[in-house]
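The values are calculated or read from the model by the stated rules, or taken from the named source; none is laboratory data. The shown structure was predicted, so the numbers you read here are calculated from the model rather than taken from an experiment. Cβ: placed from backbone, ideal geometry, glycine included. Neighbour counts: every protein chain shown.
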Amino acid sequence: MGRWEPNAQGRLAVAAMELYSERGFEQTTVAEIAKRAGLTERTFFRHFTDKREVLFWGSAALKDLLVTAIAGAPDATTPIDAVAAAFEAAGAMLQERRDGARQRQAIIAANEELQERELIKLASLGFAVAGALRERGVADPAASLAAEAGVAVFRIAFERWVSQPGESIELDLPQLIRSSLDALKVVTAGRVVTEGS
């Protein structure tokens, strides 16, 4: 085995996802992940702090995308619309990764520790979004409320997106984010929402 292998991080991530799906997260070891990827455990730990991080290593890039999108929103954009546009941009980035997102979501849903880590990730995104809004001059509590609402809208839209059956995708992720935000606006306007409306 050579000292350097191209795309080691990607290979480790693919191997881990396969093993988590086949055997379960708890039953999979770092040694097995490294072996499946044709790499060493030492190489694994150069890229990931532990086997959980394989499922969360894109969080920093997602956070950066959200912050950059909010910073780049036109000055006249309302805080909630800036947040929605940022999450729609994130949705567009994730759109091409639906199968991987579904696989990841199934792994997380089967493990309480991973569910907790996912909530921590979402909270971290909320903090970053609120900070980006404050940089735009949005005061609290408006910045925090818009950020938390955006995270909730994203989470609900994401869950709807990954749960759509098979290849029959009615709406893409950015569309689901926008429709979830529209539903939130209806709820906060005091109108009653019924199924199908």
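Taking the listed residues 182, 140, the one that is in a loop (DSSP other than H, G, I, E, B), in the same structural domain as residue 121 (by TED's automatic domain parsing), of a type in the set (D, E, K, R) and at pLDDT 85 or above is 140, with no other qualifying. Against the test of being assigned to a loop (DSSP other than H, G, I, E, B), touching a residue at least 24 places away in the same chain (Cβ under 8 Å), touching a helix residue (DSSP H, G or I) at 6+ places or on another chain (Cβ under 7 Å) and aliphatic (A, V, I, L, M), the options 62, 12, 39 yield a single qualifying residue, 39.
Restricting attention to the range 121-134, and to residues there that are of a type outside the set (A, V, I, L, M) and under 14 Å from the mean Cα position of the chain (by Cα), which single residue is surrounded by the fewest Cβ atoms within 10 Å (Cβ to Cβ)? That would be 124. For residue 118, state whether it is under 13 Å from the mean Cα position of the chain (by Cα) and of a type in the set (D, E, K, R). Against the criterion (under 13 Å from the mean Cα position of the chain (by Cα) and of a type in the set (D, E, K, R)), residue 118 qualifies.
In the condition set (1) among the polar types (S, T, N, Q); (2) modelled with pLDDT of 95 or more; (3) within 13 Å of the chain's Cα centre (by Cα), residue 68 is compliant with all but (3). Consider the range 41-89 and keep the residues that are polar (S, T, N, Q) and crowded, with 17+ Cβ neighbours inside 10 Å. The one that is farthest from residue 131 (Cα to Cα) is 43. Hey, residue 50 hits all of (1) outside the structural domain of residue 179 (by TED's automatic domain parsing); (2) part of a helix (DSSP H, G or I) but one; which does it fall short on? It is condition (2) that residue 50 fails.
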